[in-house]
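**Q** Here it is: the structure, laid out below.
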Amino acid sequence: MLEARFASRLGLFSLDVELQVPDRTVMVLVGESGSGKSTVLRLLAGLLAPERGRLVVDGKTWFDSERGAALPANARAVGHVAQDHALFPHLSVSQNVAFGLEAQGVPRSEVKRRAASALERLGVSALAARRPHQLSGGQQQRVAIARAIVLEPSLLLLDEPLSALDAQSRRVIRSELKRLLATLFCTTLYVTHNPAEALAMGERITVIEAGRVTQTGARDDLMRHPRSAYVAEFLGVNLFRGSLVGTPAARADEGGAVRNASTPPGPSRIALPEGELVLAAPGSDGETSAIVNPREITLTLERPASTARNVFAGVIEELAPEPPSGERVRISVACVPPLIAEVTRQAVDELRLAPGTRVFASFKASGVVLPG
Amino acid sequence: MNRLGWRFVTGGAAIVLTAFLVLPLLALFLRVSPAVLLSRLGEPVVLDALRLSLLTSAAATLVVVALGLPMAYLLATRDFPGKRVIEVLVDLPMVLPPTVAGFSLLMAFGRTGLAGHSLEAFGVSLPFTTAGVVVAQVFMAVPFFVGPARAGLAGVDRRLVDAAATLRASEAFTFFRVMLPLATPAIMAGIAMSGARALGEFGATITFAGNLPGTTQTMPLAVYLALQSDLDAAVVMSVLLLAMAFGLLLGLRSAPVGWFWRRDARGTIR
């Protein structure tokens, strides 16, 4: 069990986070660059000290500003895999992995045995005699992980471990890493800014925005109840906030940016700051949020004549393959509110969608989901 | 300025400067024939001075490294009150007139000097002894080692030092296994510079340790003395000093790259 609370002010940036991670679980820490997630890892590793805070790992106090307790980094049972791997360039792969054991004065024969088994576990035994500069990014990655886990840490910190890899090796290593983490007897914090990685790696996700934890919980919870636009966007869903009104009778078609193709009585609506959403599911009046999966959104060049209740007009801002080199494309559309649609590559080609193309984004009332 | 003009200016200046540096050396070599050079090398005056110079400058370099390396480490890794002052103190001998350095050493370690008085009580006397020569050389050579060594240690990637810490290495273990190997080229350059400086030290030595043949008369001092009596001997020793300094700088500046951890480096190392 890891319990952490850090508060620090670094110039204009202030950090105030609280984390709780149960034993032997993988907690994924997500946030934009500059949100403070790498800083949190450095605080956990002891490479930085917060102004105020407390850190207890497996019942042992690693840091407590009130009691003046602070274990230095080299006294913490922590494994830290940095973004750039930070392998020692003057040491061979096996010397790199043996480094921590030798630093602790482990007997030579045991060092050899444990280092060899860690290398084997990561599938890099054949590279034992090489130097880091002779390795590919993926191989360096594996060596860095072997070097960290050979010390059997109670806390493993992985800082964007796959970001330096190309898309192909990323997918391979991701699934291997997931299997490996499941066999380790440690709590893992996994930092990433890649949504696919976040969803694949951890059953629990903590979102950090501007130095604050904005949401933490099980992956499925976050998908269903994203608490901020960032979380929703990160997880690949569109989030709307507004007030739910059950009776549409008084509201005629008012035009504007948002237009409902037809407005028969019955369905409820959500009044957004600008425009409104029509949804099929009934709900109770009041402030609420609603989610629309990007795959529910259809893009057309002409105003759709379909039965879709919600139509937004806007200009395409960006197209991004999802997954990278995959069959689908995520398209952000600048309308009010901004939307993300996910369509097939085929559709993109047929409609010749490109940044700047004027499109109509439409989705059915049944595509709008009220969380909870 | 056009490209050709710029090339002309930079290249021209470099040629003038090179000529200015080479000419005196050339003049020295042309002054005596190789036969004379070889025959005079075996003379007792030359051999005594050579032996003494090698002994004292080697000892001085050892002392400089032993005391300078910890200082370089602290300056490279820590912030502490008075750091600026220490930095200036370390650099000072580089710009101090050597005679002033020798004179202040005399004031400190002379028989009636500040510390010399106490040393005398233990039967230790530095001025006009071979140990005094070493003291003068150490004083003058320190900045030439601490500067490069500090830069080398400070240049070791901070992320590697952090990695060592998370691998539970103590500060000392990290120093010996990460920082020192990675800073080796810079440290070797520092050793070469300070060794060459000790070898060529004249002003502080003659002021603090005197000019006693066999005891404190190092090569530079012997050259100075021979200038007044035996010009050929002066030339022979000058050539010898020159060759040693040149070899020391060239050898230790180019060798480390291949000697140490970069043995198998093909490209640049991060």
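**Q** Measure nothing fancy, just the Cα-based angle from helix A:93-103's long axis to the longest principal axis of chain A, in degrees from 0 to 90, nearest 10.
**A** 70
**Q** Whole number please: convex hull volume per residue of the Cα set in chain A, in Å³? List each step's numbers first, then the result.
**A** Working: hull volume 60.8 nm³, N = 372.
It comes to 163 Å³ per residue, whole-number rounded.
**Q** Accessible area drop of at least 20 Å² (1.4 Å probe, protein heavy atoms): which residues of segment B:140-171 qualify, relative to the chain alone?
**A** Listed by number, the residues meeting the 20 Å² cut-off are B:ARG159, B:LEU160, B:ASP162, B:ALA163, B:ALA165, B:THR166, B:LEU167, B:ARG168, B:ALA169.
**Q** Also, I was wondering about something else. What's the average, rounded to a whole number, of partner chain beta-carbon atoms within 10 Å of each residue's beta-carbon in A:93-100? Before the final figure, lay out each step's value.
**A** On the way: counts 0, 0, 1, 2, 1, 1, 9, 7.
Across the residues of A:93-100, the mean count of other-chain Cβ atoms within 10 Å is 3.
**Q** Here's something else I'd like to know. Do me a favour and compute the ellipsoid semi-axes for segment B:112-265 from its Cα gyration tensor, root of five times each eigenvalue, largest one first, whole Å.
**A** Numbers: eigenvalues 290, 110, 18 Å².
Computed over segment B:112-265, the values are 38, 23, 9 Å.
**Q** Same structure again: To the nearest 100 Å², how much accessible surface do chains A and B cover up together, summed over both, with a 1.4 Å probe? Before the final figure, lay out each step's value.
**A** Values: alone 18180 and 15830 Å², together 31590 Å².
Interface area, both chains combined: 2400 Å², rounded to the nearest 100.
**Q** If you fit an axis through the alpha-carbon atoms of helix A:108-121 and take the longest principal axis of the Cα set of chain A, what angle between them do you get, 0 to 90°, nearest 10?
**A** Between the helix axis and the principal axis of chain A, the angle is about 20 degrees.
**Q** Can you spot the aspartates and glutamates whose alpha carbon is less than 17 Å from A:LYS112's alpha carbon? Ignore those fewer than 8 places along the same chain.
**A** A:LYS112 reaches A:GLU102, A:GLU120, A:GLU152.
**Q** With +1 on each Lys and Arg Cβ and -1 on each Asp and Glu Cβ, how big is the dipole of the protein assembly as shown about its Cα centre, in debye rounded to the nearest 20?
**A** Working: 62 positive and 52 negative charges, 204 e Å.
Approximately 980 debye in magnitude.
**Q** Under a plain spin-label model, where a point goes 7 Å from the Cα along Cα-to-Cβ, how far apart in nm are A:ASP220 and B:ALA27?
**A** 9.2
**Q** On the accessible surface of chain A, probed at 1.4 Å, how many percent belong to carbon and sulfur atoms? Don't jump to the answer; show the numbers that get you there.
**A** Working: 8430 of 16970 Å².
With neighbouring chains kept in place, the figure for chain A is 50 percent.
**Q** If the viscosity is 1.002 mPa s and the temperature 20 °C, what translational diffusion coefficient in µm²/s does Stokes-Einstein give for segment A:1-148 when Rh comes from Kirkwood over Cα pairs?
**A** On the way: Rh = 17.0 Å.
Once the numbers are plugged in, D ends up at 126 µm²/s.
**Q** Turning to a different aspect of this structure: With the alpha-carbon atoms as the only input, what is the per residue convex hull volume for chain B in Å³? Display every interim value, and only then the final one.
**A** Numbers: hull volume 56.4 nm³, N = 270.
Dividing the Cα hull volume of chain B by its residues yields 209 Å³.
**Q** Using a Förster radius of 51 Å, what is the FRET efficiency between B:ARG84 and B:ALA121 based on their Cβ-Cβ separation? Nearest 0.05, please. All intermediate terms of the calculation are to be shown ahead of the outcome.
**A** Numbers: r = 35 Å, r/R0 = 0.69.
Result of the calculation: an efficiency of 0.90.
**Q** When averaged across all projection directions, what area in nm² does the alpha-carbon convex hull of the protein assembly as shown cover?
**A** Working: hull surface 175.0 nm².
Average projection, Cα convex hull of the protein assembly as shown: 43.7 nm².
**Q** Select from A:LEU71, A:SER109, A:LEU370 the residue farthest towards the positive end of the dipole of the protein assembly as shown; place +1 on Cβ of Lys and Arg, -1 on Cβ of Asp and Glu, and compute about the Cα centre.
**A** Ranked along the dipole, the leading option is A:SER109.
**Q** Still on this structure: Run the numbers for A:GLU176 and A:GLU32: contour at 0.36 nm per residue of separation, minus the present Cα-Cα distance, in nm.
**A** Values: separation 144, 0.36 × 144 = 51.84 nm, distance 2.52 nm.
Gain on stretching A:GLU176 to A:GLU32: 49.3 nm.
**Q** Tell me, how many Å apart are the Cα centres for segment A:131-188 and for segment B:28-71?
**A** Using only Cα atoms, the two centres lie 55 Å from each other.
**Q** Using a Gaussian network model on chain A with a 10 Å cutoff between Cα atoms, which of A:VAL213, A:VAL28, A:VAL245 fluctuates the most?
**A** A:VAL245
**Q** Of B:ALA131, B:ALA72, B:ALA169, which is the most mobile in a GNM of chain B whose springs link Cα atoms less than 10 angstrom apart?
**A** Per the Cα network of chain B with a 10 Å cutoff, B:ALA169 tops the list.
**Q** Could you sort the peptides B:134-146, B:173-185 by per-residue average Cβ neighbour count (10 Å cutoff), highest mean leading? Don't skip to the answer; put the middle values down first.
**A** Details: B:134-146: 26.5, B:173-185: 20.2.
The peptides rank, most packed first, as B:134-146, B:173-185.
**Q** Enter the angle in degrees (range 0 to 90, nearest 10) between the Cα long axis of helix A:137-149 and the first principal axis of the Cα atoms of chain A, meaning the one along which they spread out most.
**A** Rounded to the nearest ten degrees, it is 60.
**Q** Comparing A:LEU44, A:LEU135, A:LEU244, which has the greatest mean-square fluctuation in the GNM of chain A with Cα pairs linked when under 10 Å apart?
**A** A:LEU135
**Q** Could you tell me the largest-minus-smallest coordinate of the C-alpha atoms of segment A:98-153 on each of the three principal axes, in descending order and whole angstroms?
**A** Dimensions of segment A:98-153 along the principal axes of its Cα atoms: 31, 22, 18 Å.
**Q** Still on this structure, please answer the following. Which of the helices in chain B meet the span-like rule: DSSP H, Cα axial reach of 20 Å or more, Kyte-Doolittle mean at least 0.5? Kindly include the intermediate steps, with their values, before the conclusion.
**A** Numbers: long enough: B:3-31 (41 Å, 1.53); B:44-77 (48 Å, 1.67); B:130-154 (35 Å, 1.48); B:180-200 (29 Å, 1.17); B:231-254 (34 Å, 1.93).
Span-like helices here: B:3-31, B:44-77, B:130-154, B:180-200, B:231-254.
**Q** Other chains near A:72-82: what is the mean number of their Cβ atoms within 10 Å of each residue's Cβ?
**A** Details: counts 4, 8, 10, 3, 3, 1, 4, 3, 5, 2, 5.
Neighbouring Cβ atoms belonging to other protein chains average 4 per residue here.
**Q** Need one value for B:207-220: mean number of C-beta atoms belonging to other chains within 10 Å of its residues' C-beta atoms.
**A** Values: counts 0, 0, 0, 0, 0, 0, 0, 0, 0, 0, 0, 0, 0, 0.
Mean shielding by partner chains, rounded to a whole number: 0.
**Q** Given R₀ = 45 Å, FRET efficiency for B:ASN211-B:PHE176 by Cβ-Cβ distance, to 0.05?
**A** E between B:ASN211 and B:PHE176, to the nearest 0.05, is 0.60.
**Q** At 0.36 nm per residue, minus the direct Cα-Cα distance, what do A:THR61 and A:GLU120 gain on full extension? Give it in nm, one decimal, please. Could you put the intermediate results ahead of the total?
**A** Numbers: separation 59, 0.36 × 59 = 21.24 nm, distance 3.33 nm.
Extra length from A:THR61 to A:GLU120 when fully extended: 17.9 nm.
The values are calculated or read from the model by the stated rules, or taken from the named source; none is laboratory data. This is a predicted model, so every value here is computed, not measured. Quick reminder, even Gly has a Cβ in these numbers, built from the backbone with ideal geometry, and neighbours come from all protein chains shown. Surface areas here come from the heavy atoms of the whole protein model, side chains and all, with no ligands, DNA or RNA. Shrake-Rupley method; radii C 1.70, N 1.55, O 1.52, S 1.80 Å.
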